[in-house]
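Here the structure is laid out as structure tokens; the discussion comes afterwards.
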Amino acid sequence: MRIISKRTLREFWESSPQYADAKSSLEVWHGETLRATWKTPQEIKGQFRSASILKNNRVVFNISGNKYRLIVSIDYARQACFIRFIGTHKQYDVINAEVI
């Protein structure tokens, strides 16, 4: 999978000292996703059991032991993963994950 873009992840963990603990988990997620060739949501669930599959090809990943939420939009045909959101549960609760 191509990931658009790692810069979003880096900017998150660098944006505040309180988010610095997300760095290692996000780097692991990034590395695993780069090597992935997902063709269906079920393949994502096979690799990331705690991932939530939403409408509009959105997937929510739990990061750092479920401390943070990462929302991506997947284009299976193009093998592309677009980062739509990374934040805390509190921040996640005020957005619409299916349209962000």
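The values are calculated or read from the model by the stated rules, or taken from the named source; none is laboratory data. Keep in mind that what you see is a predicted model, and the values were worked out from it rather than measured. Every residue, glycine as well, gets a Cβ built from its backbone with ideal geometry; the counts of neighbours run over all protein chains shown. Remember, those area values only see protein heavy atoms, side chains included, never the ligands or the DNA or RNA. Shrake-Rupley method; radii C 1.70, N 1.55, O 1.52, S 1.80 Å.
Under a Cβ-only charge scheme (Lys and Arg +1, Asp and Glu -1), can you give me the dipole magnitude of the range 2-61 about the Cα centre, in debye to the nearest 20?
Approximately 320 debye in magnitude.
Note the count of lysine pairs whose C-alpha atoms are less than 20 angstrom apart in the chain, limited to pairs 8 or more residues apart or on different chains.
Working: LYS6/LYS23; LYS6/LYS67; LYS23/LYS67; LYS23/LYS90; LYS39/LYS55; LYS45/LYS55; LYS45/LYS67; LYS67/LYS90.
Eligible lysine pairs with Cα atoms under 20 Å apart amount to 8.
Using only protein heavy atoms and a 1.4 Å probe, report how much of ASP75 is accessible, in Å² to the nearest 10.
Using a 1.4 Å probe on the heavy atoms, I get roughly 40 Å².
Thinking of the chain as a set of Cα atoms, what percent of all their pairs are more than 16 Å apart?
52 percent
Expressed as an acute angle from 0 to 90° and rounded to the nearest 10, what is the orientation of the C-alpha long axis of helix 6-15 relative to the principal long axis of the chain?
That works out to roughly 20 degrees.
Please calculate how many Å² of accessible area the chain carries per residue, with a 1.4 Å probe and no DNA, RNA or ligand atoms counted. Before the final figure, lay out the partial values.
Working: 5670 Å² over 100 residues.
The answer is 57 Å² per residue.
Could you tally the net charge around ILE71, taking each other residue with its Cβ under 13 Å from the Cβ of ILE71, Lys/Arg +1 and Asp/Glu -1? Don't skip to the answer; put the middle values down first.
Details: positive: LYS55, ARG58, ARG69, ARG84; negative: ASP93, GLU98.
The answer is +2.
What relative contact order, as a whole-number percentage, does the chain give when Cα pairs under 8 Å and 6 or more residues apart are counted?
About 27 percent, as a whole number.
Give the angle, between 0 and 90 degrees and rounded to the nearest 10, that separates the Cα long axis of helix 23-35 from the longest principal axis of the Cα atoms of the chain.
So the helix axis and the longest Cα principal axis differ by about 10 degrees.
Which percent of the accessible heavy-atom area of the chain goes to carbon and sulfur, probe 1.4 angstrom? Please list the in-between numbers first.
Working: 2770 of 5670 Å².
About 49 percent, which is the carbon plus sulfur part of the accessible surface.
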